[in-house]
């Protein structure tokens with residue numbers, strides 16, 4: 001499949017803020033709207049329950065209400081879960097927003113370990129969401145899953161928006177903002 005991605009493709013990078021494990025409180029979810037990997041045009045936010053079940057609904061609402069939605073070509077998630085094990089239904093996110101979803105991971109997931117943890121926490125139903133997310137692929141130093149667009153298109157988007165680190169710039173910046181707001185200073189790596 002031959003795809004052409006504009007240098008300033010409009011995407012939203014989504015990451016969660018630092019949180020206290022097991023707190024059962026809400027954590028901030030932030031979306032940065034970027035043109036390519038160079039220009040941030042806006043920020044949107046919502047909250048979701050730590051280890052809860054509402055991340056998909058909250059992210060859908062956040063995306064659907066933003067003025068930037070008509071121009072968005074992709075939603076790029078930093079992992080398939082926010083706030084610990086609040087697992088995102090990427091298929092539903094794609095279908096309900098009408099925007100392709102790319103889930104980015106630094107390392108290939110240890111699915112056996114994740115499944116064990118979910119069973120131990122009595123969250124077995126979330127295993128199905130992990131399986132529905134699709135095949136894990138590699139692009140450069142990261143891994144990704146994709147829904148709602150061809151994997152080659154996702155690769156081109158990832159190459160376009162990855163400019164300053166080996167993770168996409170919209171996720172890197174969302175991470176910096178989240179940790180700066182919650183912890184008082186940005187820290188860590190996206």
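FYI, it's all coordinate maths here, none of it is from the lab. In this text the structure is predicted, and so the values were computed from the model without any measurement. Cβ sites come from the backbone with ideal geometry, for glycine too, and all protein chains shown count toward neighbours.
Things worth noting here:
- Per-pair calculated FRET efficiency, R0 = 22 Å: residue 182 and residue 136 via Cβ, rounded to 0.05: 0.15
- q = 0.19, 0.21, 0.30, 0.33 Å⁻¹: log10 I(q)/I(0) that the Debye formula gives for region 134-181, counting C-alpha atoms only: -0.65, -0.75, -1.12, -1.21
- Förster radius 45 Å - calculated FRET efficiency between residue 8 and residue 119 (Cβ-Cβ, nearest 0.05): 0.50
- The packing ranking, built from the mean of other Cβ atoms within 10 Å per residue, places the peptides 162-175, 80-93, 32-45 in the order 80-93, 162-175, 32-45, highest first.
- Gain on full stretching of the segment that runs from residue 163 to residue 106 - 0.36 nm per residue minus C-alpha separation: 19.0 nm
- Of the beta bridges in the chain, as assigned by DSSP with both residues counted there, near 75 percent are antiparallel.
- Length-normalised contact order for the chain - Cα pairs under 8 Å, 6+ apart - percent: 25
- Calculated P(r) of the chain - Cα pairs past 30 Å, %: 12
- For residue 21 and residue 73, the FRET efficiency from 1/(1 + (r/R0)^6), where r spans their Cβ atoms and R0 equals 41 Å, is about 0.75.
- Shape box of region 73-137 [Cα atoms, principal axes, largest first, Å]: 37, 24, 21
- When the square roots of the Cα gyration tensor eigenvalues are ordered a ≥ b ≥ c, the ratio a/c for region 90-190 is 1.5 or more and a/b does not exceed b/c, which makes its shape oblate.
- Candidates 144, 68, 111: whichever shows maximal mean-square fluctuation once the chain is modelled as a Gaussian network with Cα springs under 10 Å: 111
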